[in-house]
Amino acid sequence: ACSDRGHDAAAAAHGICPFQRFQEFLILISVLEQYFSQLIKDELRHEPTPSQARAIRLLSRFQLTPCANALVILRGYAGTGKTSLVAALVRVLKKLQRPVVLLAPTGRAAKVFSLYAGHPAYTIHRFIYRQDTFKGEDTRFSLGFNSLKNALFIVDEASMIASGEGGFSESVFGTGQLLDDLLRFVYGGNNGCRLIMVGDTAQLPPVGEADSPALQDDVFTRMGMTVGSVDLTDVVRQDDASQVLAGATHLRQMIAENPDALPCLAGSAKGEVRFLPGDELIEALVSDYDKFGADEVIVVTRSNKRANVYNNGIRSQIFYREEELSRGDLIMAVKNNYHWPEKAAAALPKGESLPFSFIANGDVAEVLAVRNVHEQYGFRFADVTLRFPDYDGQELDCRVLLSTLQSEAPALTADESRRLYEAVLEDYAHISTKKERMKALRSDAYYNALQIKYAYAVTCHKAQGGQWQRVYIDQGYLPPDALGVSYLRWLYTAFTRTSDRLYLVNWPEEQRVTAP
């Protein structure tokens, strides 16, 4: 503006120096930043820590910057007030009537985000993608159109977001590059929308990646973004006495300073963190199931094999269930499924819709009814009615594949998938054209059966992003070569899944410290 001679002349004609105008503009921006900062501090409802104060200044500047491709990364360890700061920002934006969209990688994470932020949250996939014409297994989801103006998008649990194939990115969604697609959705319309990525770098990164790309400045800089970032490192004062927080802080420090050492965790008989002998496990689980319900209690293990042992023991010894699948069972989808939501949506009255367009890998449901248990093509199936607690209790009828319940693999293996495909396709051999045969296959209930596992005990990757009132951690036998950053991140992620109490099951003596 100072170099524009026309503006200079106009300003001079009114006795105003262009440089003075520029100074006044900077003063105005500074005043607005201070005003916005004070609004956040008022909503924070406690004196900000030094790192929170830095984050507040960055967020205030971010709201006023004219830079169209600006993005903020808010990194924070457990107990540093990341949650309360984001919630305060959301309350400020709502009071200022600014549009805000909360997103998370999974349904459980979105539900947790919504609860602490006091604002609806959605999964990334379901918000930014739209479903193309249904084609069964070949169904694709294209990047949708962002019709919002000047909206702030806040993504929680960003450590889970993969940059490409693997993790929560799949080739059926957009370009197969979730991070790229998210940026394109938010910034592609040149409509003033901005993005904040929120996460914890000490948690497990996406499957197949050494670090979490969505929390790294240089990843976005290479994409042409102007990045501002801040790390919350100061523990919020009122959480100082938390044993869970103390343990998480200890593990995080080991990740940074001494990753090859054996961690020793503090616990006590009546505190937040408790050492639990195996012979007391059943009694503790029964008490917690009665008090909180099965969907607020989780066992976290290091392998699917170990999770199977726990799931079978819990079902037989606590719930006395003898059938493969029973009413009341909690199950988890272990592969994305598009067929059954599409079928249910097609039967709805005009104007109504489901809260999800597909069942995502990791979604949890309660079994309301089990019918028609049978074997076909060398696999076991059942027709069920499911209720999805993370999606407003939506009920859905579908066929499930019982054979994956006891498998030590995460889902059907490649050989098993091929065997099912070929067996089902053979039933349509009488159809003369390949196109029509494939069309019949893609609408087949057996071919589209939902792959499931029990959800009482899960691996840490499946638990990531969720939060339960009672969390039981079983690391099993820990061979010497298992130590290192990956193990510490696994333990840190499992440790931070609880909102109330944590049990360390059969914990080795050499990894214990008795807390006062």
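The values are calculated or read from the model by the stated rules, or taken from the named source; none is laboratory data. Since the structure is predicted, the reported quantities are computational estimates derived from the model, not experimental observations. For neighbour counting, all protein chains shown are included, and Cβ atoms are generated from backbone atoms with ideal geometry for every residue, glycine included. Just the protein is used for accessible areas: all its heavy atoms, side chains included, with ligands, DNA and RNA removed. Shrake-Rupley method; radii C 1.70, N 1.55, O 1.52, S 1.80 Å.
Can you give the net charge of the other residues whose Cβ lies under 13 Å from the Cβ of N146, counting K and R as +1 and D and E as -1?
Numbers: positive: R130, K149, R184, R194; negative: D181.
With Lys, Arg at +1 and Asp, Glu at -1, the neighbours total +3.
Not counting ligands, DNA or RNA, and with a 1.4 Å probe, what is T175's accessible surface area in Å² rounded to the nearest 10?
Accessible surface of T175 is approximately 80 Å².
Rounded to the nearest 20 Debye, what is the dipole magnitude of the range 366-457 about its Cα centre when Lys and Arg each give +1 and Asp and Glu each give -1 at the C-beta? Mind showing how you got there, number by number?
Details: 12 positive and 15 negative charges, 69 e Å.
It works out to roughly 320 debye.
Which of the lysines could a cross-linker span from K439 if the Cα-Cα distance has to be under 22 Å and same-chain partners fewer than 8 positions apart are dropped?
Result set, ordered by chain and number: K135, K335, K343.
Note the listed values (1) 110, 87, 71; (2) 98, 58, 43; (3) 90, 70, 41, then indicate which one is Cα extents along the principal axes in Å calculated from this particular structure.
The calculated read-out lines up with (3).
Just the number please: accessible area per residue for the range 395-482, 1.4 Å probe, all protein chains included, in Å².
On the way: 4100 Å² over 88 residues.
Normalised by residue count, the accessible surface of the range 395-482 is 47 Å².
Run the accessible area of the chain with a 1.4 Å probe and give the carbon-and-sulfur part as a rounded percent. Please list the in-between numbers first.
Details: 12100 of 23860 Å².
Its accessible area is 51 percent carbon and sulfur atoms.
Scan around L232 for amide H atoms under 5 Å from its own, H built in the peptide plane at 1.01 Å from N, and keep only partners 5 or more places away or cross-chain.
R75, G76, Y77
Based on the Cβ-Cβ distance from K149 to D180, what FRET efficiency comes out when R0 is 30 Å, to the nearest 0.05? The partial results should precede the final answer.
Details: r = 23 Å, r/R0 = 0.75.
Once rounded, the FRET efficiency stands at 0.85.
When the helix-only estimate is applied to the chain (DSSP H runs of n ≥ 4, each -39,500 (n - 2.57), divided by the residue count), what is the mean residue ellipticity at 222 nm, nearest 500 deg cm²/dmol?
-11000 deg cm²/dmol
Can you pull the accessible area of E296 for me, 1.4 Å probe, Å² to the nearest 10?
That residue has around 50 Å² of solvent-accessible surface.
Just grab the label-to-label distance for V207 and R222, each label 7 Å out from Cα along the Cβ direction, in nm (one decimal).
2.3 nm
Can you give the local net charge around A429? Use residues other than it whose beta-carbon is closer than 12 angstrom to its beta-carbon, Lys and Arg +1, Asp and Glu -1.
Overall, the nearby charge balance is -2.
Which net charge results for the neighbourhood of V230, defined as the other residues with beta-carbon distances under 13 angstrom from its beta-carbon, given Lys and Arg at +1 and Asp and Glu at -1?
Local net charge: +2.
Mind putting a number on the dipole of the chain about its Cα centre? Charges go on the C-beta only, +1 for Lys and Arg and -1 for Asp and Glu, and I need it in Debye to the nearest 20. Before the final figure, lay out each step's value.
On the way: 55 positive and 62 negative charges, 275 e Å.
In total the dipole reaches around 1320 debye.
For the range 432-479, give the magnitude of the charge dipole about the Cα centre (Cβ charges: +1 Lys/Arg, -1 Asp/Glu; no others), in debye to the nearest 20.
For the range 432-479, the charge dipole is close to 340 debye.
Farthest toward the dipole's positive end in the chain, which of Y310, A411, P349, given Cβ charges of +1 (Lys, Arg) and -1 (Asp, Glu) about the Cα centre?
Value: P349.
Which distance in nm do the two modelled labels at V309 and A266 give, with both placed 7 Å along the Cα-to-Cβ direction?
3.1 nm
Restricting attention to the range 196-274, which trypsin sites (Lys or Arg not before Pro) occupy a DSSP loop and are surrounded by at most 16 other Cβ atoms within 10 Å?
Details: sites: R222, R237, R252, K270, R274; in loops: K270.
Within the range 196-274, the qualifying trypsin sites (Lys or Arg not before Pro) (loop, at most 16 other Cβ atoms within 10 Å) are K270.
Taking the solvent-accessible surface of protein heavy atoms with a 1.4 Å probe, what is the per residue accessible area of the range 272-334 in Å²?
Details: 3050 Å² over 63 residues.
Accessible surface, normalised per residue, equals 48 Å².
Measuring from centroid to centroid over Cα atoms, what is the spacing of the range 187-236 and the range 355-419 in Å?
34 Å
For D383, put the label point 7 Å out on the Cα→Cβ axis and report which residues of the range 311-352 keep their amide N under 20 Å from it.
Residues 324-329, 338-348 qualify, since their backbone N sits under 20 Å from the label point.
Please give the contour-minus-distance gain from E280 to R130: 0.36 nm per residue of separation, less the Cα-Cα distance, rounded to one decimal in nm. Each step should come with its number before you reach the end.
Numbers: separation 150, 0.36 × 150 = 54.00 nm, distance 4.85 nm.
Fully extending the segment from E280 to R130 adds 49.2 nm.
Towards the positive end of the charge dipole of the chain, with charges on Cβ (+1 Lys, Arg; -1 Asp, Glu), say which of F319, L251, V186 has the farthest Cα.
Toward the positive end, the furthest listed residue is V186.
Identify all lysines with a Cα-Cα distance to K41 below 23 Å; exclude those on the same chain that are fewer than 8 residues away in sequence.
Straight-line reach from K41, under 23 Å: K82, K94, K95.
Using a 1.4 Å probe, how large is the accessible area of E510, given in Å² and rounded to the nearest 10?
Approximately 120 Å² for this residue.
Treating the angle as unsigned and between 0 and 90°, give the value, to the nearest 10°, between the Cα long axis of helix 107-117 and the longest Cα principal axis of the chain.
40 degrees
Can you tell me what share of the DSSP beta bridges in the chain is antiparallel? A percent to the nearest 5 is fine. Working shown, then result.
On the way: 27 of 72 bridges.
So the antiparallel bridges in the chain amount to around 40 percent.
When you count, for each residue, the other Cβ atoms within 10 Å and take the mean per peptide, how do 204-217, 75-88 rank with the highest first?
Descending mean neighbour count gives 75-88, 204-217.
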